[in-house]
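Take a look at the structure below.
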Amino acid sequence: MTNLWHGFADMGAVDGREFVVDRGEGCYVWDENGRRYLDGTASLWYANVGYGRDEIARAAAAQLEKLHAYHVFGDFATRPVLDLADRLAALAPVPESKVFLTSGGSDSVDTAAKLARRYFHEIGQPGRTVVLTRTWAYHGMHAYGTALAGIGANRDALGELVAGVEVVQWDSVDALAEAIDRIGADRIAAFFCEPVVGAGGVRFAPDGYLSRARETVRDAGALFVSDEVITGFGRVGEWFASHRFGLDPDLLTFAKGVTSGYLPLGGVLAAPHVAEPFWKQGAGVWWRHGYTYSGHTSACAAGLANLGIIEREGLDTRARTLEAPLADVLEPLLHHPFVSEVRTGAGLLAAVQLDPAAIEADASLPGRAAMACRNEGGVITRALAGGGLQISPPLVITEEQLGELAAGLRAGLDAVA
Ligand SMILES: Cc1ncc(COP(=O)(O)O)c(C=O)c1O
């Protein structure tokens, strides 16, 4: 029996049956019984540099000993947070971006949604309060992010959390344009967009969708928010998906890969025109927002070490190089009777879609398949919304290990059959 209430879990089924992860090295983790697993998910999409990186542990430990944390409200700062902000500004898809730090992705989404609305208030367009989102979207679990959920089940049974949210079809620019026309362009504050849908099943937008959606939002005078909590820091073969897909987001949310999860951290990159009303000298504008652990000092030290590894080892380029080999090893799974589609296309991010008809006949199939991959195949995966199996290994994975990943998935699928 356990006292821990797990997230996203049926505790009646989990209670007393935890899978207890004990240690990690590279792409592998070990359970408490000493069995090794290839981590096909990089935990929750975050362990970009893999497990067991002493360099990050040492950087964080040195900072914890010197000054574990000091806040950054008002004029307070610490050197690691200033350095990390400079580093992130230099990596940002929009030059001269400003960096607002948080403790994770949900904080970042809340920050971006509030910032968009407050920005329009500052520039004399207070009527812009509506935020658009897409079907299948996952933008974290704070109240704003939950309101922005395109995965219906994540929003259900809670009543209205935040007013002024509209969900549009994830892959249709026409649907986006229609919603803007219907609501009125002068009422739209922002459009939230995962450049590759993550928790909603790893879905790659149709060719041309992202650039056309970006232009449509620009034409409406609203802000384009690229939610890169998953796609940032090398995952899709560039530092950010916005680089890869030629977006110039007004706001960009990040978390996870910024520290590879060694310590929790997130943030928002704000393009210069969005920051400007808040940074004007003599205007006396306060952005009344911030979290106790915004830019936690030791988390920022871990982040700097982590970014150093991604850069030195070229893990963004590596994810790009391994994109085709990943597609090649997963492709044969298409012939498996339970598999209807394999989605690949940008970096080390993919999904093996289980057949909707088989899921219709047995709703427990995706969960059982993920469990069988772990138990029978020694590979960790996870059932995403819609019944796709998540593939997002650490970016340090080798081609040989990609083969091992595919073999483990097949063994699991065979066992569940
Ligand atoms: C696209 C996206 N946005 C936001 C979040 C929320 O991040 P966190 O769980 O760190 O709050 C996630 C988490 O998976 C995500 O995938």
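The values are calculated or read from the model by the stated rules, or taken from the named source; none is laboratory data. Computed from a predicted model, the values in this text were never measured in an experiment. Here the Cβ positions follow ideal geometry from the backbone for every residue, glycine too, while neighbour counts run over all protein chains shown. Keep in mind that these areas ignore ligands, DNA and RNA; they rest on the heavy atoms of the full protein, side chains included. Shrake-Rupley method; radii C 1.70, N 1.55, O 1.52, S 1.80 Å.
Before moving on, here are some points about what is shown:
- When each of the peptides 380-393, 90-103 is scored by the mean number of other C-beta atoms lying within 10 Å of its residues, the order from highest to lowest reads 380-393, 90-103.
- In the chain, helical runs assigned H by DSSP with n ≥ 4 each contribute -39500 (n - 2.57); averaged across all residues and rounded to the nearest 500, the mean residue ellipticity at 222 nm is -11500 deg cm²/dmol.
- Averaged over residues, the count of other Cβ atoms within 10 Å places the peptides 396-405, 215-224 in the sequence 215-224, 396-405, highest first.
- Rounded percent of accessible protein surface that carbon and sulfur make up, the range 321-409, 1.4 Å probe: 54
- This model, with +1 at the C-beta of Lys and Arg and -1 at the C-beta of Asp and Glu, gives the chain a dipole about its Cα centre of some 880 debye.
- The range 1-56: GluC sites (Glu not before Pro) in DSSP coil with no more than 11 other Cβ atoms inside 10 Å: Glu32
- For the range 140-295, the antiparallel share of DSSP beta bridges with both residues in that region comes to about 45%.
- Three-way shape label, the chain, alpha-carbon gyration tensor, a/c 1.5: oblate
- Heavy-atom accessible area order for Leu158, Leu304, Leu247, Leu67, largest first, 1.4 Å probe: Leu158, Leu67, Leu304, Leu247
- Accessible area of the chain divided out per residue, in Å², using a probe of 1.4 angstrom: 43
- Contact order for the chain, expressed relative to its length and based on alpha carbon pairs under 8 Å spaced 6+ residues apart, stands at 21 percent.
- Residue among Val130, Val21, Val196 with the largest mean-square fluctuation in a Gaussian network model of the chain, springs linking Cα atoms under 10 Å: Val21
- Near the amide H of Val168, within less than 5 Å, lie the amide hydrogens of Thr133, Arg134, Thr135, all on another chain or at least 5 residues away, with H placed in the peptide plane.
- For Lys256, a cut-off of 22 angstrom between C-alpha atoms picks up these lysines, skipping any fewer than 8 places away in its own chain: Lys98, Lys114.
- Residues Leu161 and Asp181, FRET efficiency given R0 of 35 Å [Cβ-Cβ distance, rounded to 0.05]: 0.85
- Listed residues Asp207, Asp316 arranged by accessible area, highest first, probe 1.4 Å: Asp207, Asp316
- Taking all Cα pairs closer than 8 Å and separated by 6 or more residues, the relative contact order of the range 67-198 comes to 22 percent.
- Percent accessible area from carbon and sulfur atoms, the range 102-149, protein chains only, probe 1.4 Å: 56
- Remark: the Glu96-Ser364 segment gains 91.6 nm on full extension, using 0.36 nm per residue and subtracting the alpha carbon distance.
- Per residue, the average separation of C-alpha pairs within less than 8 Å and at least 6 apart gives the range 347-417 a relative contact order of 41 percent.
- Which of Ala112, Ile183, Pro356, positive extreme of dipole for the chain (C-beta unit charges): Ala112
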